[in-house]
Each structure stands twice: as C-alpha cells, then as structure tokens.
Amino acid sequence: MRWLDTQAPASVLYVSYGSMSSLSATQIRELADGLERSGQPFLWVLRVSDGAHLSTEAEFDLACKFLEQEYTGRLGGRGFIARNWAPQLDILFHTSTGGFLTHCGWNSTMESISAGVGMLAWPLHTDQFANAALITQELKAGVEVKEWGNAEENEEVSADEVEKAVKRLMASEEGMQVRKRAQELRGEARKAVGDGGSSWKDMGSLLHDFSQPFSD
C-alpha cells in the first residue's frame, strides 16, 4: 500500500488471478514480458492456486526466482510483485489503481465494479469466459486481453498480446471510455445496495421469506 501511495492517480494496473486460478511458468514469463513492455506501472499478485491445477509448486518457485532475481531489477520501481496474497479491496479502492487485469471470477468482477475500476479480461476456465463477455460486451466496463470467442481453457496469451491489451485499457481513448463506464457502474452499484435500492429490497424480501414459518 505504501508503494501505491507513491504512484500517480489511476495509473496502476492491478494484476491478480484470484484464489483458485494460476498460470504456468511459461505463461508467467509471457505476462511479465508484456507488462514490462507496456511501460505501465503495475502491482502483480503472484501465487500458486489453491488447487494448483494449472501449474506445479516447483514451476511456480522457478518463475518467482526469475522474477525476483532478474525481472524486478529492470523495472526501476515501476512494478511491484506481491507474493501469495494482497488486500484486494484496498488496492481496488486506492486512488492510484486505474485498471484490473483479472481472471473474471465473480467475486473479483463484483469488487472491481464496486470500486469503479475498468477490467482487462483474461478468463482461464469455466464461467469466467461468460463473465468476461458480460464485462466487455454487455457492461462495456472492460476490454479483452484477446478474442475469447472460441477460446479453449488455459489458452496461452503472448507477451505481445499482453502489451497491446494493457495499452488499450490504460493509455487509449477506448480505455478512457471503458474506465468512465466503470465509474458509472460504481454509482449504480452503490445505489443498488443503499437504502431503498434494488439489492436492498431483494435482501429484505429474502429475510422476510426466511422469517416466515414453513408449512407442509
């Protein structure tokens, strides 16, 4: 958080793949190269997934050693790598955070919308592809790292694709509109959970239904 305090407003790309997904060692290197080439400040949470179904712990340790020993020295303070865990909500709501490279898990999606942060969609499996379509095509609150229309699970993304996608979100007119839309959704989300909002009413209805006696 102290590192974020030193960055310009809305300049940092937050990179995280949630609690149940991780990348292969090869893919981590491609992501690292793409982030470096983009020239954009970033905060990257690098961790082994709980199930470790996409990379082994040995692969992860090898990738971390490369990043810690060679990679970070080239960045000159422009990037920050947090290993294993970081306070996601605090990061998303920080004034320096301007974008979120995400796997499009539903919790991360909702937290990003609540914070008004535009997303860079990189789904890895299952419902994440549908969430990515919702974010980019329906809500217009994000852009895709690549076209996922017929993508297979765990499809690799090149460093070149990462670089172009980061610049598209963080340093283009299209990205500015996406981030503006994310801010609009933040306002709508706050209204929904506020007194009298749609989510507030739905929760009241749910509590009312559960408080009624069951009948045969």
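The values are calculated or read from the model by the stated rules, or taken from the named source; none is laboratory data. Just so it is clear, the model here is predicted, and its values are computed rather than measured. In this analysis, Cβ positions are derived from the backbone assuming ideal geometry, glycine residues included, and neighbour counts consider all displayed protein chains.
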Every residue from region 32-52 that is at positive phi and at pLDDT below 80: ALA52
Filter result for the condition that a residue is assigned to a loop (DSSP other than H, G, I, E, B), at pLDDT below 95 and within 19 Å of the chain's Cα centre (by Cα), over SER55, SER19: SER19
Number of the exception - CYS104 against (1) closer than 22 Å to VAL157 by Cβ; (2) in a helix (DSSP H, G or I); (3) not small (Gly, Ala, Ser): (2)
Count of region 83-103 residues which are in contact (Cβ under 8 Å) with a residue 40 or more places away in the chain, of a type outside the set (D, E, K, R) and touching a helix residue (DSSP H, G or I) at 6+ places or on another chain (Cβ under 9 Å): 13
Lone unmet requirement of (1) part of a helix (DSSP H, G or I); (2) surrounded by 12 or more Cβ atoms within 10 Å (Cβ to Cβ) for PRO123: (1)
Matching residues in region 1-16 - criterion: being of a type in the set (S, T, N, Q) and in a loop (DSSP other than H, G, I, E, B): THR6, GLN7, SER11
Some residue of region 74-94 being within 14 Å of the chain's Cα centre (by Cα) and within 17 Å of ARG181 (Cα to Cα): yes
Residues (assigned to a loop (DSSP other than H, G, I, E, B) and surrounded by 16 or more Cβ atoms within 10 Å (Cβ to Cβ)) located in region 135-149: LEU139, LYS140, ALA141, VAL145, LYS146, TRP148
Residue, farthest from GLU174 (Cα to Cα), within region 93-120, restricted to residues that are crowded, with 17+ Cβ neighbours inside 10 Å and aliphatic (A, V, I, L, M): ALA115
Among (1) free of Cβ contacts under 8 Å to residues at least 60 places away in the same chain; (2) under 13 Å from GLY118 (Cβ atoms) - the single one PHE214 does not satisfy: (2)
Test: residue in region 155-164 that is over 11 Å from the mean Cα position of the chain (by Cα) and buried (at least 21 other Cβ atoms within 10 Å of the Cβ): yes
Residue within region 104-111 that is at positive phi and touching a Pro at 6+ places or on another chain (Cβ under 6 Å) present: yes
Complete set of residues in region 77-92 that are farther than 18 Å from MET170 by Cβ, assigned to a loop (DSSP other than H, G, I, E, B) and out of contact with any Lys or Arg (no Cβ under 6 Å at 6 or more places or on another chain): TRP85, ALA86, PRO87
Within region 169-204, tally of residues that are surrounded by 10 or more Cβ atoms within 10 Å (Cβ to Cβ), over 18 Å from PHE93 (Cβ atoms) and free of Cβ contacts under 8 Å to residues at least 40 places away in the same chain: 12
